[in-house]
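Read the structure below first, then the notes.
The values are calculated or read from the model by the stated rules, or taken from the named source; none is laboratory data. Because the structure is predicted, anything quoted here is derived from the model rather than measured. A quick note on method: Cβ atoms are made from the backbone with ideal geometry, for glycine too, and the neighbour counts reach across all protein chains shown. Surface areas here come from the heavy atoms of the whole protein model, side chains and all, with no ligands, DNA or RNA. Shrake-Rupley method; radii C 1.70, N 1.55, O 1.52, S 1.80 Å.
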Amino acid sequence: MNKQYDYLVIGAGLFGATFAFEATKRGKKVLVIDRRKHTGGNVYCENIEGINVHKYGAHIFHTSSKEIWDYVNQFADFNRYTNAPIANYNGEIYNLPFNMNTFNKLWGVVTPKEAMDKIDEQRTNAKIGRPSNLEEQAISLVGTDIYEKLIKGYTEKQWGRKATELPAFIIKRLPVRFNYDNNYFNDKYQGIPEGGYNKIIDKMLDGVDVKLNMDFFKHRETLESQTEKIVFTGMIDEYFNYKFGKLEYRSLRFENEILDEENYQGNAVVNYTDRETPYTRVIEHKHFEFGTQQKTVITKEYPVEWSAGDEPYYPINNDRNDQIYKLYKDLADKQGNIIFGGRLATYKYYDMHQVIAAALTAVEKEFVNR
Ligand code: UDP
């Protein structure tokens, strides 16, 4: 007997919505479910005082792929927002990512050569060979001063672990530039969708069956009986009932404030890089869309240890977790009728453009020659 749905997509975030859109376009019958009361996963925005508030943390779209850029532009126009965060270290202000503006403020150096010499000197004094953890990687990239003022405190707050216990790759995300360019990303394309991310998700899910406030694990048997195939974007360890142990995640707590002033901090993102300030950054959402509202909404972002029931934001890719994930992944590869995708199901530190690219790859694999 034919099932009611060709695909059950669990999780209405970017991976799930992209897959659902593409499958529907190919004439498939799709049901998307989500535990939350809204679609969009972590890109969801809430309108407060006429401002799109990034409810689950700041999302700035960037990619170097023309294909992905064109793909998202079919759902929304993007503005010219360029991320140029500021670091506040005990009241001292520095430009990010690390560039000549940062080096000049820190050391008074003016030319790239002077900056490189300074970093070389600090790197040599620190006697670091091949970097084996985040601390060593950071010092070998930018020297000890920047590490102490702009990286160590922020990183240890963010991850709740010593920088010596974290993988080096996390810090490789941050560009180091020997020019005066404050653009946080190296990518060719960047912007914020005009009207917010919800517009993209709504268009992707237009005409698709969606059930919100629906927990897959509470209705597993019924849901499985209604569908030919499953696309799962939740936590992979939960899907397999934690049989190889629990993976660790880092969670966040957001504290929103509506302020009766037009411009609180003059920038969308200000990072607090000292160890003592309990939050890592303050987001002033209106600046993502050049808002001119009379009020402003700010969000303080507090990193917290994850425990069951919290939102899992970041996978913690240390050796222990990566080994456990590998066991789940091997098991996942043996499942016939299920596709695992997105940050949680593949236990990867993905950006939005990477999630969309991964979903499109899954689509291609699924529908090639069909
Ligand atoms: N980081 C840092 N100082 C900063 C910003 C970032 O040391 O001011 C480090 C930190 O370890 C962080 C990593 O760089 O986890 C990646 O930062 P990014 O802002 O790219 O991460 P996001 O949390 O926005 O995904």
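Need one word for the chain: rounded, prolate or oblate. Basis is the Cα gyration tensor (sqrt eigenvalues a ≥ b ≥ c); a/c below 1.5 gives rounded, then a/b vs b/c decides.
Note, shape of the chain comes out prolate.
Just the Cα atoms of region 1-95, one point each, no solvent: what log10 I(q)/I(0) does Debye give at q = 0.18 Å⁻¹? Rounded to two decimals, the profile gives -1.04.
Please give the per residue accessible area of the chain, computed with a probe of 1.4 Å over protein heavy atoms only, in Å².
That works out to 47 Å² for each residue.
For region 252-335, the fraction of 1.4 Å probe accessible surface lying on carbon and sulfur atoms is 44 percent.
Could you work out how much longer the chain between residue 211 and residue 49 gets when fully extended? Use 0.36 nm per residue separation minus the Cα distance between them, nm to one decimal.
The span from residue 211 to residue 49 would gain 55.5 nm if fully extended.
Here region 1-135 is treated with +1 on each Lys and Arg Cβ and -1 on each Asp and Glu Cβ, and its dipole about the Cα centre works out to around 580 debye.
For region 312-370, count all C-alpha to C-alpha pairs, find those more than 19 Å apart, and express that count as a whole percent of the total.
For region 312-370, the share of Cα pairs beyond 19 Å comes to 37 percent.
Charge tally for residue 188 (other residues, Cβ to Cβ under 13 Å; Lys, Arg +1; Asp, Glu -1): -2. Using Cα springs under 10 Å in a Gaussian network model of the chain, which residue among 170, 298, 356 shows the largest mean-square fluctuation? Ranking 170, 298, 356 by mean-square fluctuation puts 170 first. For region 215-370, the mean projected area of the C-alpha convex hull, equal to one quarter of the hull surface, is 13.1 nm². By accessible area, using a 1.4 Å probe on protein heavy atoms only, region 1-89 has 45% of its surface on carbon and sulfur. According to the Cα-based calculation, Rg over Rh for region 299-339 is 1.12, with Rh computed by the Kirkwood formula. Taking the chain as a Gaussian network of alpha-carbon nodes connected by springs under 10 Å, the highest mean-square fluctuation of the residues 223, 31, 247 belongs to 223. Helices in the chain, meaning DSSP H runs of at least 4 residues, each add -39500 (n - 2.57). Divided by all residues, the mean residue ellipticity at 222 nm is -9000 deg cm²/dmol. For region 176-232, the convex hull spanned by the alpha carbon atoms encloses 190 Å³ per residue. Counting 0.36 nm for each residue step from residue 3 to residue 322 and taking away their Cα separation leaves a gain of 111.2 nm. Derived scalar couplings between HN and Hα for region 68-78 equal 5, 4, 4, 4, 6, 5, 6, 9, 6, 8, 10 Hz in order, rounded to whole Hz, by the Karplus curve 6.51 cos²θ - 1.76 cosθ + 1.60 (θ = phi - 60°), x for Gly and Pro. Using alpha-carbon positions, what is the distance between the centroids of region 6-56 and region 78-150, in Å? So the two Cα centres are separated by 38 Å.
Counting only DSSP beta bridges whose two residues both lie in the chain, roughly 60 percent are antiparallel. The alpha carbon convex hull volume per residue for region 203-273 rounds to 218 Å³. Can you bin region 42-154 into rounded, prolate or oblate? Criterion: square roots of the alpha carbon gyration tensor eigenvalues sorted a ≥ b ≥ c, rounded for a/c under 1.5, prolate for a/b above b/c, oblate for the rest. Note, shape of region 42-154 comes out prolate. When a/c reaches 1.5 or more, the comparison of a/b and b/c decides; with that in mind, is region 159-209 rounded, prolate or oblate per its Cα gyration tensor? Cα axes put region 159-209 in the oblate bin. For region 163-284, the alpha carbon positions stretch 57, 41, 35 Å along the principal axes, listed from largest to smallest.
For residue 110 and residue 165, the difference between the fully extended length at 0.36 nm per residue and the C-alpha to C-alpha distance is 16.3 nm.
All Cα-Cα separations within region 136-229 were binned at 10 Å from zero, giving a P(r) of 11, 25, 18, 23, 18, 5, each value a whole percent of the pairs.
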